[in-house]
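A.B. asks: Supplied in structure tokens, the structure appears directly below.
The values are calculated or read from the model by the stated rules, or taken from the named source; none is laboratory data. This structure is a prediction, so every number in the text was calculated from the model and none was measured. Cβ: placed from backbone, ideal geometry, glycine included. Neighbour counts: every protein chain shown. What goes into the accessible areas is simple: the full protein's heavy atoms, side chains included, and nothing from ligands, DNA or RNA. Shrake-Rupley method; radii C 1.70, N 1.55, O 1.52, S 1.80 Å.
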Amino acid sequence: MKVLVPIKRVVDYNVKIRVKADNTGVDLANVKMSMNPFDEIGVEEAIRLKEKGVATEIIAVSVGPKEATETIRTALAMGADRGILVTVPHEVEPLAVAKIIAAIAKAEGPQLIITGKQAIDDDCNQTGQMLAQLLGWAQGTFASKVAIDGGKADVTREVDGGLQTVKLSLPAVVSTDLRLNEPRYASLPNIMKAKKKPIDEKTPADYGVDVTPRLKVLKVSEPPKRKGGVKVKTVQELVEKLKNEAGVI
Amino acid sequence: MAVLLVAEHDNKSLKDATGKALSAALALGGPVDVLVAGQGARGVADAAAKLKGVSKVILADDAQYANQLAETMATLIVELAGKYDAVLSPASTSGKNFMPRVAAALDVAQISEIVSVDGPDTFTRPIYAGNALQQVQAPAGAKKVITVRSTAFKAAEATGTASVETVGAAKNPGLSEFVKDELSKSERPELAAARVVVSGGRGMQSGDNFHLLEKVADRLKAAVGASRAAVDAGFVPNDYQVGQTGKVVAPELYIAVGISGAIQHLAGMKDSKVIVAINKDEEAPIFQVADYGLVADLFKAVPELEEELKKQGY
């Protein structure tokens, strides 16, 4: 079966971001960009399914700027077979991304779509679920384990109280949580090979999707900063301060 | 503006997050109905009816809602949404699971994890692990689908007297089925709702060593949490994780033990009223947000802390 893996180019998780002085957004000039870590887990899971003989072809899809080609190349170097880049002129909301990917899914016919559970830039946590709804498919979000058996997928999900397992009819959408797997690093020969793998370039118009944002961003600001406090020397001093100064115990 | 709030519960009890999300719903300025979808959840509906400000409770009691699967929940909510201008739910793993389906079905953008209601159509939400705050405005006339970060709102009082109305189940799309739950059992308060949280990180070195924290937690009636590093290392289960992609907590007191303080962890606890850090590395970034820092070997300091609390009658 075909597996579709949507991936997003985001600010690297190690970067401490800065809010622009005019409060219009976050400063992305000269900042290191990487594949969204949850999407990397999605690519890895798809590759493992291919290694097990469950998946036959892995298509990495990105909706983003032209530079997202690099992100797709990373997925191809890890082991995806081909890529589709849908270039957009500005930030696109999860609903529009889901519509584009739904249109690609209708054309490609995958049995499984593996998304990251959230992108670490906008922290929306929406695209996978919206995609499942648009396609009329089942979903297994926040997955820590995926087992495919015939036309079903057993997905173990990380939920507030612990773990929950659901059985999904395929085709389905799975969104990854941190403990699903540990993504591999691409080897040098695979990075070289990835340069020859095909990437189709498309636009939202090819899929008839209007990407105009629905929400208006009025401003982006810095959160109030916490002031560092004091160092205490002993446990006794700590307990005394928590009791008499802070009054929290 | 008529608002539908989807209740967070486990069929037995109504979760605190519902009362907190209710405060956000009421801030939108219209009557608020609460939907309780579950199985054998009459008691939950009665509890929701007591929340101050609720106009009425809608109870959908059916086997297909027993585990609140996203596919069935979304179908029901979309069916009810016609009469409302906004649909809200707490940003729990349950709300995060079904709400985007509702938004997609209604063809609207979802506004995730709001931390304030700035006007009837204007909201603030954290982005980049809480390192920036984004204020967004929803388009006039469109339905709003919103999840609420419950730690950012005060719980509504339980002095209300709303009525409970029952509705039938929606058609089950039959896409998925529940297999099993493996839930952590604990006598301690829930992490998301606890007044005091004691969390451990990689510095704990093993799952067994978390007993040291549990002893302190028991003295303070606290919940026990963990950093991602401790969960990834297998010291404790995933539901202990505090951070950008785990639970967001804002207790009166947060005690971080052996946690270095990666931005992803800070995102989950920096709104705590008082933060204590115990770490042997005095350069650890956690000290930059801690109100009280103790540079010490946790294996000495934590048992000492438990002893001191015991001595003082906790």
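A.B. asks: Can you give the net charge of the other residues whose Cβ lies under 14 Å from the Cβ of A:Gly247, counting K and R as +1 and D and E as -1?
C.D. replies: For residues surrounding A:Gly247, the net value is 0.
A.B. asks: Around A:Gly161, what is the net charge, scoring Lys/Arg as +1 and Asp/Glu as -1 over all other residues with Cβ under 15 Å from its Cβ? Could you put the intermediate results ahead of the total?
C.D. replies: Numbers: positive: A:Arg157, B:Lys12, B:Lys15, B:Lys96, B:Lys180, B:Lys185, B:Arg188, B:Lys247; negative: A:Glu158, A:Asp160, A:Asp177, B:Glu8, B:Asp10, B:Asp16, B:Asp181, B:Glu182, B:Glu187, B:Glu190, B:Asp239.
Net local charge, A:Gly161 excluded: -3.
A.B. asks: Under 19 Å from a point placed 7 Å out from the Cα of B:Lys221 along the Cα-to-Cβ direction: which residues of region B:250-266 have their backbone N that close?
C.D. replies: Within reach of a label on B:Lys221: B:250-255.
A.B. asks: How many Cβ atoms of partner chains, on average, are near each residue of A:233-245 if near means within 10 Å of its Cβ?
C.D. replies: Working: counts 3, 5, 13, 6, 3, 11, 7, 2, 4, 9, 3, 0, 3.
What the average comes to for A:233-245 is 5.
A.B. asks: Now for a different question. With everything on Cα atoms, drop me the angle between helix B:298-311 and the longest principal axis of chain B, reported from 0 to 90° to the nearest 10.
C.D. replies: 80
A.B. asks: Continuing with this model, one more query. Put +1 on the Cβ of every Lys and Arg and -1 on every Asp and Glu Cβ in region A:24-108; which of A:Val86, A:Ala107, A:Ala29 then has its Cα farthest towards the positive end of the dipole?
C.D. replies: Sorting the options by dipole projection puts first A:Ala107.
A.B. asks: For A:Thr56, A:Thr234, A:Thr87, give the ranking by accessible area with the largest first, probe 1.4 Å.
C.D. replies: Largest accessible area first, the residues go A:Thr56, A:Thr234, A:Thr87.
A.B. asks: Chain pair B, A: how much accessible area is buried, both chains summed, with a 1.4 Å probe, in Å² to 100?
C.D. replies: The buried area between B and A, both sides summed, comes to about 7100 Å².
A.B. asks: Once the Cβ-Cβ distance between B:Leu183 and A:Gln236 is put in as r, and R0 is 30 Å, what FRET efficiency do you end up with, to the nearest 0.05? Mind dumping the intermediate values first?
C.D. replies: Working: r = 38 Å, r/R0 = 1.28.
After rounding to 0.05, the efficiency reads 0.20.
A.B. asks: Along the charge dipole of region A:1-139, pointing to its positive end and built from +1/-1 on Cβ of Lys, Arg, Asp and Glu, which listed residue (A:Ala46, A:Ala68, A:Ala132) has its Cα farthest out?
C.D. replies: A:Ala46
A.B. asks: Which of the pairs A:Lys145/B:Lys185; A:Lys99/A:Lys216; A:Lys99/B:Lys56; B:Lys50/B:Lys96; A:Lys117/B:Lys15; B:Lys15/B:Lys270 have their Cα atoms more than 31 Å apart in this structure? Could the numbers behind the result be given before it?
C.D. replies: Working: A:Lys145/B:Lys185 21 Å; A:Lys99/A:Lys216 20 Å; A:Lys99/B:Lys56 35 Å; B:Lys50/B:Lys96 25 Å; A:Lys117/B:Lys15 24 Å; B:Lys15/B:Lys270 23 Å.
The pairs that break the limit, which is 31 Å between Cα atoms, are A:Lys99/B:Lys56.
A.B. asks: I'd like the orientation of helix B:93-106 relative to chain B: the angle between its Cα long axis and the longest Cα principal axis, in ° from 0 to 90, rounded to 10.
C.D. replies: Once rounded, the angle reads 30 degrees.
A.B. asks: Using a 10 Å cut-off on Cβ atoms, rank the peptides B:21-27, A:3-9, B:159-165, A:106-112 from the highest mean neighbour count down. Present the calculation step by step, with values, prior to reporting the outcome.
C.D. replies: Numbers: B:21-27: 25.3, A:3-9: 26.9, B:159-165: 12.6, A:106-112: 16.4.
Descending mean neighbour count gives A:3-9, B:21-27, A:106-112, B:159-165.
A.B. asks: Could you tell me which helices of chain A pass both thresholds, a Cα extent of 15 Å or more along their own axis and a mean Kyte-Doolittle hydropathy of at least -0.5, with helices taken as whole DSSP H runs?
C.D. replies: A:37-51, A:68-78, A:94-108
A.B. asks: To the nearest 0.05, how large is the calculated FRET efficiency for A:Glu51 and A:Glu91 if R₀ is 51 Å and r is the Cβ-Cβ distance? Intermediate results must be reported in sequence, preceding the final value.
C.D. replies: Details: r = 35 Å, r/R0 = 0.68.
Here the calculated transfer efficiency is 0.90.
A.B. asks: Using alpha carbons only, how many degrees (0 to 90, rounded to 10) separate the axis of helix B:210-220 from the longest principal axis of chain B?
C.D. replies: 70
A.B. asks: Along Cα→Cβ, 7 Å out, is where each label goes; now give me the distance between the ones at B:Ala66 and B:Arg42 in nm to one decimal.
C.D. replies: So the label points at B:Ala66 and B:Arg42 sit 1.8 nm apart.
A.B. asks: Would you work out the relative contact order for region A:133-249, in percent, from Cα pairs under 8 angstrom that are 6 or more residues apart?
C.D. replies: 18
A.B. asks: Order the following by accessible area, largest value first: A:Thr203, B:Thr122. Probe radius 1.4 Å; ligands, DNA and RNA are ignored.
C.D. replies: These residues rank, largest area first, as A:Thr203, B:Thr122.
A.B. asks: Under a point spin-label approximation (7 Å from Cα along Cα-to-Cβ), what is the B:Lys56-B:Tyr314 distance to one decimal in nm?
C.D. replies: Once both label points are built, they end up 4.8 nm from each other.
A.B. asks: How shielded is A:171-183 by partner chains, expressed as the average number of their Cβ atoms within 10 Å of its Cβ atoms?
C.D. replies: Other-chain Cβ atoms within 10 Å of each residue's Cβ, averaged: 2.
A.B. asks: Then there is this: Could you please report the charge total around B:Gly53, scoring K, R as +1 and D, E as -1 over all other residues with beta-carbon less than 15 angstrom from its beta-carbon?
C.D. replies: On the way: positive: B:Lys20, B:Lys50, B:Lys52, B:Lys56, B:Lys154; negative: B:Asp33, B:Glu157.
Combined, the nearby Lys, Arg, Asp and Glu give +3.
A.B. asks: Which of rounded, prolate or oblate describes region B:205-314 when judged by the alpha-carbon gyration tensor and an a/c cut-off of 1.5?
C.D. replies: rounded
A.B. asks: Hey, what did chain A get for relative contact order, percent, Cα under 8 Å, at least 6 apart?
C.D. replies: Relative contact order, chain A: 23 percent.
A.B. asks: Helix-only estimate, please: 222 nm mean residue ellipticity of chain B, summing -39500 (n - 2.57) across DSSP H runs of length 4 or more and dividing by its residues, to the nearest 500.
C.D. replies: Result for chain B: -7500 deg cm²/dmol, rounded to the nearest 500.
A.B. asks: So for the pair A:Lys20, B:Val164, with labels modelled 7 Å out along Cα→Cβ, what separation do we get in nm?
C.D. replies: Here the answer is 5.2 nm between the modelled labels.
A.B. asks: Counting only other chains, what is the mean number of Cβ atoms within 10 angstrom of the Cβ of each residue in peptide B:131-141? If you can, show how the numbers build up before the last one.
C.D. replies: Working: counts 8, 12, 8, 11, 7, 8, 4, 3, 4, 0, 0.
The per-residue average across the peptide is 6.
A.B. asks: Any chance you could look up the accessible area of B:Met1 with a 1.4 Å probe, heavy atoms only, rounded to 10 Å²?
C.D. replies: In the full protein context, B:Met1 sits at about 70 Å².
A.B. asks: Per residue and in cubic angstrom, what volume does the convex hull of the Cα atoms of chain A have?
C.D. replies: 187
A.B. asks: Is it possible to state the helix-based mean residue ellipticity at 222 nm for chain A, with each DSSP H run of 4+ residues giving -39500 (n - 2.57), the sum divided by total residues, to the nearest 500 deg cm²/dmol? What is it?
C.D. replies: Result for chain A, helices only: -7500 deg cm²/dmol.
A.B. asks: What share of the DSSP beta bridges in the protein assembly as shown is antiparallel, in percent to the nearest 5?
C.D. replies: Numbers: 40 of 115 bridges.
Counting only bridges with both partners in the protein assembly as shown, antiparallel ones make up about 35 percent.
A.B. asks: Please give the contour-minus-distance gain from B:Asp232 to B:Asp107: 0.36 nm per residue of separation, less the Cα-Cα distance, rounded to one decimal in nm.
C.D. replies: On the way: separation 125, 0.36 × 125 = 45.00 nm, distance 3.71 nm.
So the chain would gain 41.3 nm between B:Asp232 and B:Asp107.
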